[in-house]
Amino acid sequence: MSFSTLANLSVKNMPVPGGIAVVDFYTNHANPKAYYSQVPVYIQHLENTHWQALIGIPLLARTGDKQLTVKDFSTRQIPFQVGEHAYQEQHITLTGKNKKYVNPNLAHMDRIKQERPILSKARKIFSNTTLQESGFIRPVSGVTTSPFGFKRFYNGQARRPHTGLDYAGEIGTNIQAAAGGRIIVSDEFFFNGNTVFIDHGQGLISVYIHLDERLVKPGQIVKQGETIGTIGQTGRATGPHLHFGIYLNQTVINPNLLINHEL
């Protein structure tokens, strides 16, 4: 089993909804396991007996006392706390043909229901081999037009919080793989439009949404910085942009915590 030395990412301990809890633990075991809410989490071996768990905290998680379960020679609980974090609101108006993304008709709902298991499965992938041995990079250089965690309202109707970062860009602009990995999904969906998921190992997954073109196929291995598609306006998008998200233990987290620029 391979573990990435994510220490060079300088992952900030930000145990808040949508953040990452960095929990240190110590063991002589050669292959420990760690879980949060019964879901396996990303762990890295720093040195000697020093290990570290990176735990994605759900955006809708309640604050307070939590615990990491470590399984090595026995099973033990390591406590940590989740604090509060306020996210702003964003109100979006969809008109014309885009109104279907607010109130989908029956045909659209059938399609959405068929797509849900595919997207759910992609988010739950957990592979033991880590394919990325260094920090993440920005997939595009565009301005961030919609930060992570915004409480969103479409035509006045509340929807789930924004689960990634939106980067502005012209249609056709190349999109880079933020980190090396294996393509697990390259397909087109109702809300997401053209979408690519990359598995980086141990439940660490990046997703690229609203693409114009998808230039990779499932099973393909890509290197960090390799072009995987182009910026588009497919799916529920009011303008050309890239929605970039990161999952950690099946949980969306603020990508800025891994790509090392201002939060």
So what is the orientation-averaged projected area of the stretch 153-263, using the convex hull of its C-alpha atoms, in nm²?
7.0
So, counting K/R as plus one and D/E as minus one, what does the shell of residues with Cβ under 14 Å around Pro240 add up to?
-3
Going residue by residue through the stretch 136-146, the Karplus relation 6.51 cos²θ - 1.76 cosθ + 1.60 with θ = phi - 60° gives ³J(HN,Hα) values, rounded to whole Hz and with x marking Gly or Pro, of 7, 10, 5, x, 9, 9, x, 5, 6, 9, 9
Could you sort out which of Lys71/Lys217; Lys33/Lys66; Lys33/Lys121; Lys71/Lys151; Lys33/Lys124; Lys12/Lys66 sit more than 26 Å apart by Cα distance in this structure?
Lys71/Lys217; Lys71/Lys151
Decide, for the stretch 8-50, between rounded, prolate and oblate: order the square roots of the alpha carbon gyration tensor eigenvalues as a ≥ b ≥ c, take rounded if a/c falls under 1.5, and otherwise choose prolate if a/b is larger than b/c, else oblate.
oblate
Ser141 versus Asn13: modelled label distance in nm, points set 7 Å from Cα along the beta carbon direction:
3.7
Mind ordering 166-174, 17-25 by average Cβ neighbours within 10 Å, highest first?
17-25, 166-174
Taking the Cβ of Gly203 as the centre, find all other residues whose Cβ is under 15 Å away and add up their charges (Lys, Arg: +1; Asp, Glu: -1).
+4
Could you please report the charge total around Thr27, scoring K, R as +1 and D, E as -1 over all other residues with beta-carbon less than 13 angstrom from its beta-carbon?
0
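Every read-out reported here was derived from the displayed coordinates using simple, explicitly stated rules and does not represent laboratory data. Because the structure is a prediction, the values reported are computed rather than measured. Glycine gets a Cβ as well: all are built from the backbone with ideal geometry, and neighbour counts include every protein chain shown.
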